[in-house]
């Protein structure tokens, strides 16, 4: 879903009506790699297409779980704090000024690089088995910043008042 080269969820040029679609998109990758952005290459498309299939056919072939990582080469996994970000490819990243204003080793513009992300797992137990079971059930999420404590309330046929905070 997310790594140092931007996110795979959505890109603003393909979803202009989404005010959140312009977050950590490494669109300059196309400048260096001859990539073209197509809706079918983003997670948002797969999620909406899967929901469309479920609505029309009664089955969703793409029940997705989401993972993210730093994908850096600096030996600092899960280091996503921007204020202390030292880059992702060691010497190839150049100086702090290069990472902020220039390009990184001929593959991306500095401002498009991101510290990456970390995966969270919604598990019933904090054990290897519990975490593995949750990952297998795709009970995962991604954050591209600080470690968050999410609250999930979702599912087919839930009543609007199923959120215990809103229950009267």
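Given axes a ≥ b ≥ c from the Cα gyration tensor, I'd like to know whether the stretch 1-94 is rounded (a/c under 1.5), prolate (a/b larger than b/c) or oblate. Verdict is prolate for the stretch 1-94. Where the alpha-carbon atoms of the chain are placed on the principal axes, they occupy 54, 37, 31 Å, in descending order.
Helical runs (DSSP H, four residues minimum) scored at -39500 (n - 2.57) apiece and divided by the length of the chain put the mean residue ellipticity at 222 nm at -6000 deg cm²/dmol. Label-to-label distance, residue 18 versus residue 133, with points set 7 angstrom from Cα along the beta-carbon direction: 3.3 nm.
Label-to-label distance, residue 62 versus residue 86, with points set 7 angstrom from Cα along the beta-carbon direction: 3.8 nm.
Every read-out reported here was derived from the displayed coordinates using simple, explicitly stated rules and does not represent laboratory data. This is a predicted model, so every value here is computed, not measured. Note that each Cβ is placed from the backbone with ideal geometry, even for glycine, and that neighbours are counted across all protein chains shown.
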